[in-house]
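Working notes, beginning with the structure itself.
The values are calculated or read from the model by the stated rules, or taken from the named source; none is laboratory data. Computed from a predicted model, the values in this text were never measured in an experiment. FYI the Cβ positions are ideal-geometry reconstructions off the backbone, even for glycines, and counts take in every protein chain you see. The area values use the complete protein model at the heavy-atom level, side chains included, leaving out ligands, DNA and RNA. Shrake-Rupley method; radii C 1.70, N 1.55, O 1.52, S 1.80 Å.
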Amino acid sequence: MKIAVIGSGYVGLVAGACFAESGNTVVCVDNNEQKIEGLKKGLIPIYEPGLKELVLRNAAEGRLSFTTDLPAAIKSSLIHFIAVGTPPGADGAADLRSVMEVARNIGRHMESFKIVVDKSTVPVGTADKVKTAIREELAKRGVSYEFDVVSNPEFLKEGAAIEDFMKPDRVVIGTDNVRTAAIMKELYDPFMRKQNRLITMDVRSAEMTKYAANAMLATRITFMNQIANLCERLGADVAAVREGIGADTRIGYDFLFSGPGYGGSCFPKDVKALIKTAEECQYDFLLLKAVTEANERQKQVLSDKVLKLLGDSSKAQPLDGRTIACWGLSFKPRTDDMREAPALTVIGNLLAMGAKVRAHDPEALQEAVKHFGTRVDLCTHQYEMLCGCDALIVVTDWNEYRNPDFDRIKAALKQPIVVDGRNLYKLSRMREAGFTYVPLGRSSRDRIEGVS
Ligand SMILES: NC(=O)c1ccc[n+]([C@@H]2O[C@H](COP(=O)([O-])OP(=O)(O)OC[C@H]3O[C@@H](n4cnc5c(N)ncnc54)[C@H](O)[C@@H]3O)[C@@H](O)[C@H]2O)c1
């Protein structure tokens, strides 16, 4: 099939490369010329495991191309995936300007039947707006071509995006048109050879499914973070509690790790957008308001712990003279995405309290320059950067931080303080090694079987 994917970011580039991999002819469009020029030369603008190989192979074999020429891409394709960004506006609502601009362009340039697929995460009712915009543009031209607008929200996770796209646990297709449903099924068939995982529904339910999924996951994380905060105050251990509740099959183990708050390009904005959608139909979504507020507070927890350990309240800036090392900048491992990452708040707070900050991340250092410029010392070596620091904070649970060389850490730090925002290390091991170890939601007592 001939496919145009409009918006070549985390979602668009992955979707484009995966559709090309299954034999389709795909053109990836973006209005960022630099990005497209880079892609034409094989430069992948984001870090996503396996993406580079997939893009290079499919481009070399002629199934995947890149352009800024949207009108040409529209004319040559049957299916148009809209995968542009939908960032939060000032009031929390999803900013649909890019989506609507693409929709209008499709109306301006289409010359035959088209399927327009909303893959961006968009509020319920957006497919109707896209349809209206295309109709208006066709009317201005005095032409009438058939088209159908489909909702096909994306559920991939950054860091495992290719795997998720190639082997999805479900593909949601929202359409009322039988012919379009059949074409979408054909397109996705190669990704579900073992078992059909295509779920077809009406357009509005498909749009809602994406928000409901993200809101549920954000709520689980936040619930567990609050349980962790309470465990800390009561002398209980959140790691044990997690095992205890995860074993309940109605609850399960996923998304129960406590941490410094959820971040990334999806959960924060989608939760806010759903609250806003609810407001627009006079519904007060109390639960999600609490989730958002609790998450903002959670992002303060790590810097509060450093302040408690090292702060000097007699100084205007209580961490003046301190240097803090930070492991992890991306909002989660295996991505370079720092949108709404907890590290932004943690480091911002430390700087505001007068500390100097050195930070390491396996993939996000270039991204970090955009956020911090020269205000943070961005380091490529995980251990060398620790020399002379007053404490180490672990913010992101990259694999290379899971089983580090503790002797090296201890020898390099001025004082052996580790604030662990991801509960990566055993309490007993850290105590025996002589660290002041501050995890989240864990008491200093060992578990009976000594496994803590
Ligand atoms: N990143 C994720 O993990 C993820 C997962 C599921 C869904 N989503 C949703 O998918 C959408 C895209 O997210 P993303 O993370 O890929 O965003 P992104 O910012 O990485 O990519 C968006 C791309 O669209 C381009 N663009 C913007 N306006 C354009 C226009 N008018 N014409 C052509 N190109 C344009 C930008 O230059 C950019 O390259 C969002 O709605 C997001 O919520 C994201």
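The table for this structure:
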{"read-out": "Which numbered condition residue 286 fails, given (1) within 15 Å of residue 391 (Cβ to Cβ); (2) free of Cβ contacts under 8 Å to residues at least 24 places away in the same chain", "value": "(1)"}
{"read-out": "Residue match in region 63-85 (condition: open to solvent by 70 Å² or more (accessible area, probe 1.4 Å) and touching a Gly at 6+ places or on another chain (Cβ under 7 Å))", "value": "no"}
{"read-out": "Within region 418-440, tally of residues that are touching a residue at least 24 places away in the same chain (Cβ under 8 Å) and closer than 17 Å to residue 307 by Cα", "value": "7"}
{"read-out": "Unique match (being of a type outside the set (S, T, N, Q) and within 20 Å of residue 124 (Cα to Cα)) among 181, 161", "value": "181"}
{"read-out": "Residues located in region 95-125, provided they are surrounded by 24 or more Cβ atoms within 10 Å (Cβ to Cβ) and either over 22 Å from residue 13 (Cβ atoms) or of a type in the set (Gly, Ala, Ser) (or both)", "value": "103, 107, 120"}
{"read-out": "Those residues of region 67-90 which are within 19 Å of residue 152 (Cα to Cα) and more than 8 Å from the ligand (Cβ to nearest atom), in sequence order", "value": "74, 77, 78, 79, 80, 81, 82"}
{"read-out": "Yes/no for residue 296 being over 24 Å from the mean Cα position of the chain (by Cα) and open to solvent by 70 Å² or more (accessible area, probe 1.4 Å)", "value": "no"}
{"read-out": "Check on residue 444, small (Gly, Ala, Ser), at pLDDT below 95 and open to solvent by 50 Å² or more (accessible area, probe 1.4 Å)", "value": "yes"}
{"read-out": "Number of positions in region 3-39 that are part of a helix (DSSP H, G or I), open to solvent by 60 Å² or more (accessible area, probe 1.4 Å), within 21 Å of residue 77 (Cβ to Cβ) and out of contact with any helix residue (DSSP H, G or I) (no Cβ under 8 Å at 6 or more places or on another chain)", "value": "1"}
{"read-out": "Conditions (1) in contact (Cβ under 8 Å) with a residue 40 or more places away in the chain; (2) in a loop (DSSP other than H, G, I, E, B); (3) out of contact with any helix residue (DSSP H, G or I) (no Cβ under 6 Å at 6 or more places or on another chain): number failed by residue 415", "value": "(1)"}
{"read-out": "Close pairs from region 1-29: first within 14 Å of residue 80 (Cα to Cα) and aromatic (Phe, Trp, Tyr), partner within 16 Å of the ligand (Cβ to nearest atom) and in a loop (DSSP other than H, G, I, E, B), Cβ under 8 Å, at least 6 apart", "value": "none"}
{"read-out": "Residue check, residue 231 more than 16 Å from the ligand (Cβ to nearest atom) and either of a type in the set (A, V, I, L, M, F, W, C) or in contact with a Phe, Trp or Tyr (Cβ under 6 Å, 6 or more places away or on another chain) (or both)", "value": "yes"}
{"read-out": "Elements of type helices (runs of 4 or more DSSP H) contained in region 51-120, each with 2 or more residues being under 27 Å from residue 207 (Cβ atoms), modelled with pLDDT of 95 or more and touching a Pro at 6+ places or on another chain (Cβ under 6 Å)", "value": "none"}
{"read-out": "Condition met for residue 264 (outside any helix (DSSP H, G or I) and either touching a residue at least 24 places away in the same chain (Cβ under 8 Å) or in contact with a strand residue (DSSP E or B) (Cβ under 7 Å, 6 or more places away or on another chain) (or both))", "value": "yes"}
{"read-out": "Residue that is nearest to the ligand (Cβ to nearest atom), among those in region 40-58 that are without any contact (Cβ under 8 Å) to a residue 40 or more places away in the chain and open to solvent by less than 50 Å² (accessible area, probe 1.4 Å)", "value": "44"}
{"read-out": "Among residues of region 364-400, those that are farther than 19 Å from residue 306 by Cα and assigned to a helix (DSSP H, G or I), counted", "value": "11"}
{"read-out": "Residue pairs meeting the criteria (Cβ under 6 Å; at least 6 apart or on separate chains; first in contact (Cβ under 8 Å) with a residue 24 or more places away in the chain and near the ligand (Cβ under 10 Å from one of its atoms), in region 153-171; second among the acidic types (Asp, Glu) and assigned to a helix (DSSP H, G or I))", "value": "156/164"}
{"read-out": "Condition check for residue 286: within 21 Å of residue 379 (Cα to Cα) and surrounded by fewer than 20 Cβ atoms within 10 Å (Cβ to Cβ)", "value": "no"}
